[in-house]
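For reference, the structure I am asking about is given below.
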Amino acid sequence: MGTARGGRQPAMMDVARLAGVSHQTVSRVVNDTGHVAEETRSRVLAAIEQLGYRRNSVARALVTCRSSIVGIITTASAHYGPASLLVSLETAAREAGFFTGVTALSDYSAVSLAGAIDHFLGLAAEAVVVVAPMAGLAEAVGAMSAPVPVVAISAVQCASPRLRFVRADQVGGARLAVRYLAERGHHDIVHISGPGDWYEAKAREAGWRAEMEARRLARREPLESSWECAGGYEAGRRLAAQGLPDAVFAANDAIALGLLRALDEAGARVPDDVSVVGFDDEPASAFYGPGLTTVRQDFAELGRCAVRAACGAIAGEAAPGAVVVPTRLVERGSVADRRG
């Protein structure tokens, strides 16, 4: 099983010979095109099973000029956001009838990016989706002249006719968080930001600044953190040394978790002494002590929108403007009501 004459991998002609049909009939069964009698289809499927035949995707691509492959370039990061987005992209692509290839970059140089795109061109990918969280990456993609459609999932949109953009409403989500705190009587709302070289961190900080300014609330400068719990913990210790605010808006839930530990060590109770809001709505955030009020990103919808944009580009449809996926606030127990 699994080999034909001479020890080679079985080909379509071997299946046809064993089933007693033409190779065109085998092709119709394999590709589910055209009419094939049920008894004949059963013989072909039995021969495929007996021989262990697998369709040659490269040969099929040469004939049909379609590979049904979408390349995904993402960050070599285990953070909740990029990891969730990758799963969503693969799921959405599969539902749309595409296979995916994934390249995870730890070096976001133009050379690495070009190499990743060349890799997918070698696989005859029909489109490439780039998860572009780092500053400069969307611009680097836009400057390239890839011969296939490219979709960028990025909090920042650069001026490039070659790219289609999809993003979550990071700024709007941050404003939701600050608005929620302000409407519950908080005035001194500190922001612990993510790394300064990430678009998402910049966008969430911009949203915090915009809402604070719109409400004419005095701002302290943000405390920068890594995306990890340890970064939130260290920022929380610095914050406790400076003097605790009414509330903290953390750039992601992991930062918020580290902050909760630091506040506990400083003797501050959440939400009685300090209110905390996160961002992302990681599954574990509901089980923090207390449950974390946070901003939810719809990663499943982001994945669907990106794949939909890629399919539209493959079909030659005109590029729409940037697709923006809304974020929403999830209320739990980490915010006190200080009105009145």
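Which strands (runs of 3 or more DSSP E) does the stretch 235-340 wholly contain that include 1 or more residues that are more than 18 Å from residue 88 (Cβ to Cβ)?
247-250, 275-277, 294-296, 328-330
I would also like to ask the following. Checking residue 75 against (1) at pLDDT 90 or above; (2) crowded, with 17+ Cβ neighbours inside 10 Å; (3) polar (S, T, N, Q): exactly one of these is not met. Which one?
(1)
Also, I was wondering about something else. Residues in the stretch 276-289: is at least one more than 22 Å from residue 206 (Cα to Cα), of a type in the set (S, T, N, Q) and in contact with a Ser or Thr (Cβ under 9 Å, 6 or more places away or on another chain)?
Yes: one or more hits.
Residue-wise test of (1) in contact with a Gly (Cβ under 8 Å, 6 or more places away or on another chain); (2) modelled with pLDDT of 95 or more; (3) of a type in the set (A, V, I, L, M, F, W, C).
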| residue | (1), (2), (3) |
| --- | --- |
| 210 | no, yes, yes |
| 216 | no, yes, no |
| 229 | yes, yes, yes |
| 234 | yes, yes, no |
| 238 | no, yes, no |
| 242 | no, no, no |
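Yes/no matrix, rows are residues, columns are (1) out of contact with any strand residue (DSSP E or B) (no Cβ under 7 Å at 6 or more places or on another chain); (2) assigned by TED's automatic domain parsing to the domain that holds residue 243; (3) farther than 20 Å from residue 81 by Cβ:
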{"site": "123", "(1), (2), (3)": "no, no, yes"}
{"site": "145", "(1), (2), (3)": "yes, no, yes"}
{"site": "192", "(1), (2), (3)": "no, yes, no"}
{"site": "201", "(1), (2), (3)": "no, yes, no"}
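Residue 215 passes all but one of (1) surrounded by fewer than 24 Cβ atoms within 10 Å (Cβ to Cβ); (2) in contact with a Ser or Thr (Cβ under 9 Å, 6 or more places away or on another chain); which number fails?
The one condition residue 215 does not meet is (2).
So which of 328, 296 ends up being within 27 Å of residue 186 (Cβ to Cβ), surrounded by fewer than 17 Cβ atoms within 10 Å (Cβ to Cβ), under 18 Å from the mean Cα position of the chain (by Cα) and modelled with pLDDT of 95 or more?
Answer to the selection: 328.
If you take the residues of the stretch 178-201 that are modelled with pLDDT of 95 or more and assigned to a helix (DSSP H, G or I), which of them is nearest to residue 132 (Cα to Cα)?
Out of the qualifying residues, it is 201.
The values are calculated or read from the model by the stated rules, or taken from the named source; none is laboratory data. Just so we're clear, the structure is a prediction, and the values are computed from it rather than from any experiment. Note that each Cβ is placed from the backbone with ideal geometry, even for glycine, and that neighbours are counted across all protein chains shown.
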